[in-house]
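Below is one structure, written out as C-alpha cells, with a few remarks after it.
The values are calculated or read from the model by the stated rules, or taken from the named source; none is laboratory data. Just so it is clear, the model here is predicted, and its values are computed rather than measured. Don't worry about glycine lacking a Cβ; one is built from the backbone with ideal geometry, like all the others, and counts go over all protein chains shown. These accessible areas exclude ligands, DNA and RNA; they are computed on the full protein's heavy atoms, side chains included. Shrake-Rupley method; radii C 1.70, N 1.55, O 1.52, S 1.80 Å.
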Amino acid sequence: MYEFVRGPLALISFAIFFIGIIVRVVWYVKGLDWRLDRVAYLEKADYGIRGALKSIFHWILPLNHTTANHPIFMGATYLFHICLLTAPLLLVAHVMLIEESWGISWPTIPDTIADYMTLAVIAAGGFLFARRLVLPYVKILTTGSDFLVLFIALAPFITGFIAYHQLMGYKFWLIVHILCGEIMLIAIPFTKLSHFVLFFCSRAQIGMDYGIKRGGQKGRGVAW
Amino acid sequence: MAEEAKEQIVAPLVTRVPIKTKEELDTLLADRQGRGYYKELDAFPVDTEALKKTLEATFKSRLKTWLKICAHCGMCADACHFYIANDNDPEQVPSYKIQSTLGELVKKKGNVDNAFMQYCMDTAWGKCTCCNRCGMYCPHGIDMGAMMSYLRGLCFSQGFVPYELKIGSGMHWVYKAQMDVTVQDFVETCEWMAEEYEDDWPGLNIPVDKENADILYTINAREPKHYPEDIAEAAILFHLTGENWTVPSEGWEETSLVMFAGDWAGCKMQVESVFEAMERLKPKRMVVTECGHAHRATVTEGPYWAGIKSGDTPVPTQHYVEWLLEVLENGKLKLDPSKKIKEPVTLQDPCNYVRNAGLAEVTRKIMPYIAEDFREMAQNREQNFCCSGGGGMNALGRYREQRNIGLRVKRDQILATGAKFVVSACHNCWDALRDLEEEYKIGMKWSFLKPIILKMVIVPDHLKPKAE
C-alpha cells in the first residue's frame, strides 16, 4: 500500500495538479474579453502590467486596507497561507523523497520549525472553521463545501503531525497522510482551492482594470 | 391565464425590450408611481431560454472566477454602507447579495421563476448602488459592483427593472437624454441663459455647435430641465477664463440612466451620440459637468460600449473638477482669498470619478482655494462611502426607504467631521445630500463647486459691466 501511494498515486496526483492549474490559468486568460470586461488589456498593456503587479504586491504582503481594518482575521490568514505553503515544501522528509525520485533537491528547514508551522496551520485553520460557525456575516455565506475544502487543506497537516510524532500507528498514519496530501493536490484545480493560481489571475485582472481604466492613467489607480 | 395574456396585449407596460417610442413612454408615464407596472410585473413570465443563452454568451472568465473563488470570508461585509446602516444585517453582506442572486441564476442555468427575478431586481437596485467599494476590500479582488451591474443587465433583458429606470431608458431612446429635453429645448435654454445673465456679464455667450473649439462642454439633462442656472454658471466661468468653448446641439447629454438600468444597447446608443458630436465639432478636448455617473458612463465605460479598442474617448476628456483646478493653478481664474468659506467644510468624494477614475487629489487641491477649514471625512478618497444615492437609487420610489436608511452612514460621516458645509461636485451626491438634510435635518449646507467659485471670483476690469 505504501509503495502504491508513494509511487504511482503520487505521480498521478502531481500530474493532475500541475496540468490542472495550467489549464485553469489558460482558460482564465483565454476567457478575458476586452469588450465584455470593458478593459483595454492589450492596447494599454503597460498600464495594465503596472496595475496588476501593484494589485498582487499589496495583497501578497499585508499592505492593504483590509489588513488594517481586520488585523486578526488577516493575520491568521497570512499565517495560515505562509505556513501551509512553506512547511511542506521545505520539510526535510519531503525534500528527501523528491531527491530519491527525481534527483533534485533544495534547502530545508529544521523539523522543529516545520512542527511549529504545522501547529500554526492547524490552529489558524481551527480559527477559520470557528468563525464560520460563530460570526453571522460569515455564517450566512458559508456552505458545506467551505468546510470540506478547509478539511481537505488541513488533513495533510493533522495526519502529518500524528505520523511524525508517532502518536498512533506510524505506518498507517503515514499512508493516510500521503493520501490526504494527494487528495489536496488533486482537489486544487477542481475546487475553491484553485485560488492557488486564480488568486493571482483575479488580482491581476482587477489591478489591470484599475490600472488601465479606473484611475491608473491619471497616475493614481486604486489605493488598496 | 388567457385573460392575463389578453391584458398584456392591451397594456404592455412591462416588456423585455427598451421603450423606443414617445407613445409607449407616455403610456408608462401615465401609470403613476408604477402601480400598474409592478402589478403587471408580478405576473410577467421569465424567458428562461433567453436567459440561458445570454449567460452562455456573456458569463465568462472574469465573472465565472469571481463567483467560483469567493472564499466566503466576509471581508466585504463592513465595506458596504447598506450593511452598516442596516445594523450589520447578514443579508446585506455584498458577497451574499451576489451569491444569492447571480450565483443561483448561474447554478440554475437561468431556469428561474418570477419570484426569483423579483428578488434579483430588489437586490440589484434596492441593496446596491454599484459603488464598487466592497471590491477594494476583497482579498481576491472580486468586484461585486461590476457583478451587480451585470446582474442588472440580465434583469433588464427580462423586463425586471424598476419602473423609473424603464422610463429613464426610454427617455434616452426617444430623446437621447435622460429627460424629455429636445434639441430645440436645449438650444433655447442656452440662448435664454445667455440673455438672462448678459447684463451682469457683458459679452456672455453660449456658443452652440462651434467647430474646432478648445473645449466641448457636455452636461446632465437635469441642468436644462431643472437647473438652467448651472449652464449659465458654467458659461460665466468659461467667459471669465477666456476659453474658446462650445456646447453641441446634439450629443450634449453625458448621463446614462441606461447604464443604471442595465440597458447595454441603450448605453452604446447614448454614448455614441456624444462621440458623434466630438467627431462633428472636432474640439481639442471635452469637459464634463459636475456629475459623477456621467463621467463614468461617457468617459470611463463609454468608449468600450462604442467599441473603441483603446478605451479612450475620441478626444481627450476631463471632468469639470480637472478643468477647474487647471484654471485655478494657471491663474486664468483668480479667487478672492478673503471670500473663502469660513465655517468648517468637508468634501463628498463621488465614487464614479474618485474610486472609479482616480480623481481623488484633484478636488483636494481645489479645497484650499475655497475653504479656510477643510476637514476630511474619516473614510475618504477611494475609501469613501457612497452617498447612498448612486447607481440610480435616488430615483427609485420602490427603494426609497432603503436609500434613506443607507443615508445614515453618510450622515454620521459628515457629523463626525463637525463640518456644516459639504462640497459635492456630483449630481447624484448632491441629491442624496439634499434628501439627507430633508430626512435627518442635521443643519448642513451643500453645494456644487460652480456657485461657490462664482461667489469668490475676481472679475477682471474689462469684463465688468460698464457703470451707468
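Observations, loosely collected:
- With each label modelled as a point 7 angstrom along the Cα→C-beta vector, the A:Tyr170-B:Glu376 pair spans 6.0 nm.
- Normalised alpha carbon radius of gyration of region A:2-218 [divisor 2.2 N^0.38 Å]: 1.16
- Occluded residues from region B:59-74, i.e. those whose accessible area drops by 40 Å² or more once the chain is not alone (1.4 Å probe): B:Lys60, B:Ser61, B:Arg62, B:Thr65, B:Lys68, B:Ile69, B:His72, B:Cys73
- Highest mean packing comes first when the peptides B:338-344, A:213-219 are listed by Cβ atoms within 10 Å, giving A:213-219, B:338-344.
- When both region B:392-468 and region B:194-228 are represented by their alpha-carbon centers, they are found 22 Å apart.
- Partner lysines for B:Lys108 [C-alpha distance under 18 Å; skip if fewer than 8 residues away on the same chain]: B:Lys52, B:Lys53, B:Lys60, B:Lys64, B:Lys68, B:Lys97
- For the peptide B:95-103, the mean number of other protein chain Cβ atoms found within 10 angstrom of a residue's Cβ is 1.
- Over 35 Å [Cα-Cα, chain B], rounded percent: 32
- Computed with a 1.4 angstrom probe on protein heavy atoms, the B-A interface buries about 4600 square angstrom of accessible area in total.
- Counting, for every residue in A:208-217, the Cβ atoms of other protein chains within 10 Å of its Cβ and taking the mean gives 6.
- Percentage of interatomic Cα-Cα distances in region A:127-224 larger than 17 Å: 67
- Ordered by 1.4 Å accessible area with all protein chains kept, A:Ile183, B:Ile69, A:Ile158 run largest first as A:Ile183, A:Ile158, B:Ile69.
- Rounded accessible area of B:Arg364 (nearest 10 Å², 1.4 Å probe): 20
- Taking only the C-alpha atoms of region B:275-396, Rg followed by Dmax gives 16.3, 49 Å.
- If R0 is 45 Å, the Cβ-Cβ spacing of B:Asp113 and B:Leu463 corresponds to a FRET efficiency of close to 0.10.
- Among B:Trp305, B:Trp173, the order of accessible area from largest down is B:Trp173, B:Trp305, computed with a 1.4 Å probe on protein heavy atoms.
- Peptide A:199-206, shielding by other chains (average Cβ, 10 Å cutoff): 6
- Protein-only accessible surface order, largest first, of B:Glu229, B:Glu290 at 1.4 Å: B:Glu229, B:Glu290
- Accessible area of region B:330-387 divided out per residue, in Å², using a probe of 1.4 angstrom: 36
- Separation in nanometres of the label points that stand 7 Å from Cα toward Cβ, at B:Glu229 and B:Ala30: 3.7
- Max-minus-min Cα coordinates of region B:383-468 on each principal axis give 55, 28, 26 Å, with the largest extent listed first.
- Spherically averaged projected area of region B:146-190 from its Cα convex hull (nm²): 4.0
- When Rg and the Kirkwood radius Rh are both evaluated on Cα atoms of region B:2-170, their ratio Rg/Rh stands at 1.00.
- The calculated FRET efficiency for the pair A:Leu148 and B:Lys53, based on their C-beta separation and a Förster distance of 25 Å, comes to about 0.15.
- Inter-site label distance for B:Lys332 and A:Phe18 at 7 Å from Cα along Cβ, in nm: 6.2
- Between region A:176-203 and region B:107-186, the alpha-carbon center distance in angstrom: 35
- Stokes-Einstein D in µm²/s, Kirkwood radius over Cα pairs - region B:123-244 at 37 °C with 0.692 mPa s viscosity: 187
- To put it simply, the accessible area of the protein assembly as shown at a 1.4 Å probe is 61 percent carbon and sulfur.
- For A:Lys171, the aspartates and glutamates whose Cα falls under 14 Å of its own Cα, not counting residues fewer than eight places away in the same chain, are A:Glu3.
- Residue pairs exceeding 30 angstrom between C-alpha atoms, taken from B:Lys365/B:Lys464; A:Lys213/B:Lys166; B:Lys339/B:Lys441; B:Lys22/B:Lys109: B:Lys22/B:Lys109.
- Structure-based [θ]222 nm, the protein assembly as shown - -39500 (n - 2.57) summed over DSSP H runs of at least 4, per residue, nearest 500: -17500 deg cm²/dmol
- Note on A:Ala45/B:Lys284: beta-carbon distance plugged into 1/(1 + (r/R0)^6) with R0 of 30 Å gives a FRET efficiency of 0.65.
- Charged side chains reduced to their Cβ positions (Lys and Arg at +1, Asp and Glu at -1) give region B:175-329 a dipole of some 840 debye around its Cα centre.
- Here the Kirkwood formula puts the hydrodynamic radius of region B:175-329 at 15.4 Å, using every distinct Cα pair.
- Cysteines having no other Cys beta carbon under 4.7 Å from their own, within chain B: B:Cys70, B:Cys73, B:Cys80, B:Cys120, B:Cys128, B:Cys130, B:Cys138, B:Cys155, B:Cys190, B:Cys267, B:Cys291
- Scattering from region B:41-112 was approximated by placing one identical point on each alpha carbon and applying the Debye formula without solvent; log10 I(q)/I(0) at 0.13, 0.14, 0.28 1/Å stands at -0.49, -0.56, -1.16.
- Where N is the number of residues in the protein assembly as shown, Cα Rg divided by 2.2 N^0.38 Å: 1.08
- Computed from Cα atoms, the angle from the helix A:71-90 axis to the main principal axis of chain A rounds to 50 degrees.
- Of the whole protein surface, B:Asp312 contributes about 60 Å² of accessible area at a 1.4 Å probe radius.
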